[in-house]
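For reference, the structure discussed in these notes is given below.
The values are calculated or read from the model by the stated rules, or taken from the named source; none is laboratory data. Note that the structure is predicted; figures quoted are calculated from it, not measured. Reconstructed Cβ throughout: ideal geometry from the backbone, glycine too, with neighbour counts over all protein chains shown. Surface accessibility is based on the protein's heavy atoms, side chains included, excluding ligands, DNA and RNA. Shrake-Rupley method; radii C 1.70, N 1.55, O 1.52, S 1.80 Å.
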Amino acid sequence: MTRIQSAGTLEDLESVRVETLGRKGTLTLVGKEMGKLAPEERGRVGKLLNGARQKLEEALEAGKKAFDETELRARLDSEWIDVTLPAPGARRGHLHPITRIQRELEDLFASLGFAVLDGPEVETEYYNFDALNIPPEHPARDMQDTFWLDGGNLLRTHTSPVQVRGMERLGPPLRMIAPGRVFRNESVDASHEHTFYQLEGMMVDRDVSVAHLIYFMQTLLGAIFHRDVTVRLRPGYFPFVEPGFELDIQCLICGGPGCPVCKQSGWVELLPCGLVNPRVLRMSGIDPEQWNGFAFGLGLTRLAMMRYGIDDIRQLQGGDLRFLEQF
Ligand code: PHE
């Protein structure tokens with residue numbers, strides 16, 4: 001009994017059981033000797049033996065239960081979970097600065113009656129070049145260094161192919177924008193990336209003029225920057241617009257004196273635009289005698305850099321959370 005009470009482990013208890021109640025245990029052996037006793041003695045000794053066996057079994061059982069309980073309590077202590085405690089806060093993401101600008105502009109243009117169109121990033125030569133009045137061998141093809149794919153397709157170098165898809169799909173009159181990712185096979189530096197975002201815009205109607213173009217561009221820039229920006233228009237050449245313009249804004253990073261983003265010029269090329277070349281309308285089945293239009297190609301990536309004061313374009317696609325979490 002003392003050994004049961006002082007047993008330190010379940011194994012200690014088990015050895016007490018084997019030594020007393022086991023096949024060769026003391027009590028078992030005594031029981032086997034019973035036959036040798038005189039008949040009148042057997043009753044008395046049998047009773048004593050049974051009593052002792054029962055006490056021993058009860059004590060062993062109680063000891064085992066005590067061990068089980070200690071073990072259970074230890075497990076409960078270590079595995080205990082308070083489901084009423086607040087969960088550790090989940091990390092919450094937010095929209096990328098370019099996505100944010102894109103959505104704002106989609107809302108703005110939708111409110112002006114423009115459809116928001118999507119187009120493929122893998123394009124055919126026809127949509128990316130030919131239908132925009134840039135035939136093979138045309139020097140304008142060299143303006144946009146192209147990632148060519150096997151089989152003659154390419155990664156679109158601008159969102160302008162969606163103009164063509166839009167004209168084919170919607171027919172005149174139409175107002176559309178097409179935001180999206182574009183690709184150029186260029187060497188990368190603080191202001192050039194191989195992958196960036198544009199937002200194409202197009203309006204085809206009767207008697208569209210440069211005045212309409214300027215009106216929409218001013219509305220656009222006012223909404224983007226929430227302040228007056230200084231702009232200038234220069235003649236620009238793109239085969240799919242005639243006349244074509246480059247709309248520049250005064251650099252919002254340095255405000256004029258020059259910095260790496262504006263290549264020390266004080267101005268940032270933001271928005272090429274122009275009136276749609278009649279040849280382009282005709283190729284997409286629109287009669288240029290009846291209809292005309294304007295088009296523009298806004299650099300969404302550059303715009304995000306201007307608005308948030310980002311001076312290195314590579315950070316936008318770099319995926320560094322320390323950078324992205326600032327917005
Ligand atoms: N697609 C031209 C580019 O990326 C930009 C542009 C669009 C110019 C629409 C004029 C009109 O270079």
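Wholly within the range 204-316, which strands (runs of 3 or more DSSP E) include no fewer than the required count, namely at least 2 residues that are touching a residue at least 40 places away in the same chain (Cβ under 8 Å) and touching a strand residue (DSSP E or B) at 6+ places or on another chain (Cβ under 6 Å)? Show your work before the answer.
Working: elements: 231-235, 241-250, 267-276, 292-299.
The strands (runs of 3 or more DSSP E) meeting that bar are 241-250, 267-276, 292-299.
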Quiz item: Would you call SER111 assigned by TED's automatic domain parsing to the domain that holds GLN290 and open to solvent by 20 Å² or more (accessible area, probe 1.4 Å)?
Solution: yes
Quiz item: Filtering the range 286-301 down to residues that are open to solvent by 10 Å² or more (accessible area, probe 1.4 Å) and within 11 Å of the ligand (Cβ to nearest atom), which residue is farthest from the chain's Cα centre (by Cα)?
Solution: GLY297
Exercise. Exactly one condition in (1) out of contact with any Gly (no Cβ under 7 Å at 6 or more places or on another chain); (2) open to solvent by less than 20 Å² (accessible area, probe 1.4 Å); (3) within 19 Å of HIS212 (Cβ to Cβ) is not met by PRO239; state its number.
Key: (3)
Quiz item: How many residues does the range 247-277 hold that are in contact with a helix residue (DSSP H, G or I) (Cβ under 9 Å, 6 or more places away or on another chain), within 14 Å of the ligand (Cβ to nearest atom) and of a type outside the set (Val, Ile, Thr)?
Solution: 8
Practice problem: State the number of residues belonging to the range 223-233 that are more than 13 Å from the ligand (Cβ to nearest atom) and open to solvent by 40 Å² or more (accessible area, probe 1.4 Å). | Solution: 6
Quiz item: Which residue pairs have Cβ atoms under 6 Å apart, sit 6 or more places apart or on different chains, and have a first residue in the range 34-57 that is in contact (Cβ under 8 Å) with a residue 24 or more places away in the chain and a second that is surrounded by 10 or more Cβ atoms within 10 Å (Cβ to Cβ)?
Solution: ARG53/LEU27; LEU56/THR20
